[in-house]
Amino acid sequence: MSTSSVLHVGLEVDGAGAHPAAWRAAARSSSDALGPARLRDVVAAAENAGVTFVTFDDSLVPPAAGPAGRLDAVTRAAYVAPLTSRIGLVPLVHPAVTEPFHVASQLAALDHASLGRGGWFVGAGDVPGARRALDRPVAAGADLLDETADVVTVVRDLWDSWEDDAVVRDSATGRYVDRDRLHYVDFASGGEGLPAGPSSRGTADGVRAPFTVKGPSIVPRSPQGQLVVVGRAGTVPGGLLDVALVATTDAAARAREDGAPLVVVDLAVTLDAAGRLGADRRAELDGLAGVPVPATWTGSAVDLVDVLLGLRGVVDGVRLLPSELDVDLPVLVRDVLPALRVARAVPTPRPGATLRDTLGLPRPTNRHVAAAATV
Amino acid sequence: MPDTPDVPRPHAHVHLGVFFQGVNHTTIWSDPASGSQTDFETFRRVAQTAERGLFDAFFLGEGLRLREQNGRLHDLDVVGRPDAITQLAALAAVTTHIGLVATQNVTYNDPADLARRLASLDVLSGGRAAWNIVTTDNAWTGENFRRGGWLDHSQRYTRAAEFVRAVQAIWDGWDAPEPVRATGGTLDIEVTPTVPRTAQGHPVLFQAGDSPDGRDFAAGHAEVIFSAHGTDFDDALAFATDVRARTVAAGRPEDDLKILPGTQFVLAATDAEARDKARWVKEQQVTPATALSLLGQVWGEDLSHYDPDGPLPAHDPVIEVIGETRGSPRRGKRPHEIAQAWRARAEAEHLTIRQLVIAQERERGFVGSPSTVADELVRWVRHGASDGFNITPWLVPSGLDDVVDLLVPALQERGAYRTAYTGTTLREHLGLRAPLTHRVAAAAQV
């Protein structure tokens, strides 16, 4: 797929900001920081500024350096769904942590509630503490890559387990659904260990426990058919992704070769704001963090606009990770996104458009319908 | 209203909830007024109508595998529903007061994950979340989950108690210095909580068990019991009396566990019109195909080729016990006895298959004018047969409109229903005390 001259802008909206020390600098109580008012304000500001999608970072267990408080990401995304009309809502769900069947149901429900603006940010990386929290084996390391591929596959299977027109409401025969348009998925994962359960407590750390899913889904096929699956390049096979996230533009070509239809680069930013230079803010946050923090881009709104304009044709989009939402988001909204709109560098999501529509991705034909059509 | 000695609870109010969606053949999908059973807009409309009617709560059910009959997906009833907590989070954004109740089972969830998701809903809704605790040991449902059919039938209430204790510990352990540890025969976990306490302490606990074990579980753990005793006054009073005794035996005040039976309302201008309407509702619910399907559940075979307007099968059922699946309300019953009784009644009253099945459908809920039904509901709560009702509308999304527009005002005229929300949390709407675990902690500090 050729890269267009349009740049999609995504925004990470978790917590106080993407910098590990952002919560220490924020002048908010934990209940204000986690409450519904702030969540709706942040997402509304992003939508009004023309952001294509927001991501909601998450983890079942709190990160070592982060704040203790964090609400479930799918629940947060669902809460803002009826309060918004154009922006994509992409919560992080970790494939080795949440039950695959629940992942499929929760995200399909998000897609219904948002009228087709749901996505799945596939969690990656080992989750220390998950095994103790869940009382079952949790895949890690190389096994986690295989586990992720299996879970994304079965979730996609479940999203196709209802054909779009399965509900027929045929009074003549009394049938609400046509059962021939519902499909068992009969998925069996790989894995060497014992199936999850009390007997698997002796399994070594990080070993995959095999699992099966019968199906069909309990949720009818959602507006997008398949939600937009976003994942870090190298952690999910490209063919299973709609959007590959890369850390640098150097990795874009490789991600495209792996089969990802769209490639989006992550960009952590600390902007000149409130009369202070981004570099100074950044140094102060690093000092508060107490742990090493990866470098971020620092500079003015004008300079950031130039950087973003330069990404057109290189990648399909950028996901901005503001160091501190309270400080960086107002600058993005007031000074950066308007300049991109004036330059016709960003798309204008239409009300009622699905996230796939806005990203220029086709709505996938249900595989069972497609298979029947080719016979 | 003056105190009258023969009315034990002269000032009691009726509490209403709405259960959506109904399972089995409750929901009439064939009516022209029946809307989408899937679209978010339908759920929004029902929840907002209930809130306009000052209801305590909006309930979502759970079914983690699509129902089957004779090894095939059941196709006659409404099927397919959203994940409950996800849908309720979206509804939290478009409502302001009504409680949001998610049915979630303890066999195919993880306490760490479920506690967090429910608490997240509770934070985002400003203290309006509740958890309707259900058990299952059904290996057939387990085929959709990592653990499979891992839980033995005899362990299901052990699992439920251990799971609920773990969830409460996670909710209460937000600012504890150490991670929460919960252990038992069915779990062994260590979790660091990530969600602060909410405006109502923690989500309200509902439970729907009806067996002696289920009632004891509710008496020990739940704050609301969602019973099936919502039609006959004497039956409801006997249930309520039994549950209150169990609650006291569990060391709690008898009003600590609120009783909200599931039920159905059929309202019309006059009692006679309402009776006609109730007959019509039942005929719509039991379509010819549904009549043959219900008959097939008893006979244990596919009888869809029979004439619904003809006689019952002459041969006996091919099964000894009605199987564990799959949404049959008669599971575990003896089909030969049922068949014998059904044939005898059909012969005596000259009934066809469909007429017989309709006649056998249990009369359910309340039928009458708003005034008649209001009097009856007030009698129920003031005599202690229940604290209110959990209504399953038979038409969606408009099925609550007449309840809110006609019945609620009639209850208000009788001084038995709120005229405005006086609190903001579900716990306040229901008149509940602080969560059980908080009371224990407070008492220990004294």
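Segment A:338-368 and segment A:111-147 have Cα centres separated by 26 Å. Along the charge dipole of the protein assembly as shown, pointing to its positive end and built from +1/-1 on Cβ of Lys, Arg, Asp and Glu, which listed residue (B:Leu436, B:Thr372, A:Ala68) has its Cα farthest out? Among B:Leu436, B:Thr372, A:Ala68, the one farthest towards the positive end of the dipole of the protein assembly as shown is A:Ala68. Going by alpha carbons, how many degrees (0 to 90, nearest 10) lie between the helix axis of B:111-124 and the longest principal axis of chain B? Relative to chain B, helix B:111-124 is tipped by roughly 80 degrees. Considering only Cα atoms, the convex hull volume of chain B works out to 157 Å³ per residue.
An ellipsoid equivalent to the protein assembly as shown, defined through the eigenvalues of its Cα gyration tensor, has semi-axes of 47, 31, 26 Å when rounded to whole angstrom and sorted largest first. Working note: Karplus 6.51/-1.76/1.60 with θ = phi - 60° gives segment B:416-423 the couplings 10, 8, 4, 9, 7, 5, 9, x Hz, where Gly and Pro are set to x. Between amide H atoms placed 1.01 Å from N, distances below 5 Å from B:Ser227 occur with B:Leu260, B:Gly262, all of them 5 or more places distant or on a separate chain. Phi-derived couplings, Karplus 6.51 cos²θ - 1.76 cosθ + 1.60 at θ = phi - 60°, listed residue by residue for segment B:384-391: x, 6, 6, 9, x, 8, 10, 8 Hz, with x used for Gly and Pro.
The value obtained for segment A:99-152, namely the Cα convex hull volume divided by the number of residues, is 89 Å³ per residue. Applying the Karplus relation 6.51 cos²θ - 1.76 cosθ + 1.60 with θ = phi - 60° to segment B:90-102 yields 3J(HN,Hα) values of 5, 5, 4, 6, 10, 9, 10, 10, 5, x, 10, 10, 10 Hz, where x marks Gly and Pro. For segment A:199-267 versus segment A:5-47, the spacing of their alpha-carbon centroids is 24 Å.
Each of A:Val265, A:Val243, B:Val94 has some number of other Cβ atoms within 10 Å of its Cβ, and from fewest to most they run B:Val94, A:Val265, A:Val243.
Classify segment A:69-165 as rounded, prolate or oblate, taking a ≥ b ≥ c as the square roots of the eigenvalues of its Cα gyration tensor: rounded when a/c is under 1.5, otherwise prolate if a/b is larger than b/c and oblate if not. Oblate. Under a 5 Å amide H cut-off, with hydrogens placed 1.01 Å from N, B:Val18 pairs with B:Ala57, B:Phe58, B:Phe59, B:Ile391 among residues at least 5 apart or on other chains.
In chain A, the longest principal axis of the Cα atoms and the axis of helix A:141-159 are about 60 degrees apart. Counting other Cβ atoms within 10 Å as a rough exposure proxy, the listed residues B:Asp242, A:Asp164, A:Asp150 run B:Asp242, A:Asp164, A:Asp150 from fewest neighbours to most.
Equivalent ellipsoid of segment B:287-360: semi-axes from √(5λ) of the C-alpha gyration tensor, largest first, are 18, 14, 11 Å.
Charging the Cβ of each Asp and Glu at -1 and of each Lys and Arg at +1, and nothing else, the dipole of the protein assembly as shown about its Cα centre rounds to 720 debye. Both radii come from the Cα set of chain A: Rg as radius of gyration, Rh as Kirkwood radius; their ratio Rg/Rh reads 0.98. Going by alpha carbons, how many degrees (0 to 90, nearest 10) lie between the helix axis of A:100-113 and the longest principal axis of chain A? So the inclination is approximately 70 degrees. Within 11 Å, Cβ to Cβ, of A:Leu110, how many net charges do the neighbouring residues add up to if Lys/Arg are +1 and Asp/Glu are -1? Neighbour charge sum, excluding A:Leu110 itself: 0.
Going by neighbour counts of Cβ atoms within 10 Å, the residues B:Lys333, A:Lys214, B:Lys258 line up, fewest first, as B:Lys333, A:Lys214, B:Lys258. Taking Lys and Arg as +1 and Asp and Glu as -1, the other residues whose beta-carbon sits under 14 Å from that of B:Thr198 total -1.
One quarter of the convex hull surface built on the alpha carbon atoms of segment B:85-130 amounts to 2.9 nm², the projected area averaged over directions. Assuming charge only on the beta carbon of Lys and Arg (+1) and of Asp and Glu (-1), the dipole of segment B:287-360 about its Cα centre is about 300 debye to the nearest 20.
Each Lys or Arg adds one and each Asp or Glu subtracts one; over the other residues with Cβ under 10 Å from the Cβ of A:Asp14, this totals -1. Note on segment B:343-419: with charges restricted to the Cβ of Lys and Arg (+1) and Asp and Glu (-1), its dipole about the Cα centre is near 260 debye. In this structure the amide hydrogen of B:Asp77, modeled in the peptide plane, comes within under 5 Å of the amide hydrogens of A:Tyr176, none closer than 5 places in sequence on its chain.
Since every read-out is calculated from the coordinates, none of them should be taken as a lab result. Just so you know, these numbers come straight off a predicted model, no measurement behind them. FYI the Cβ positions are ideal-geometry reconstructions off the backbone, even for glycines, and counts take in every protein chain you see.
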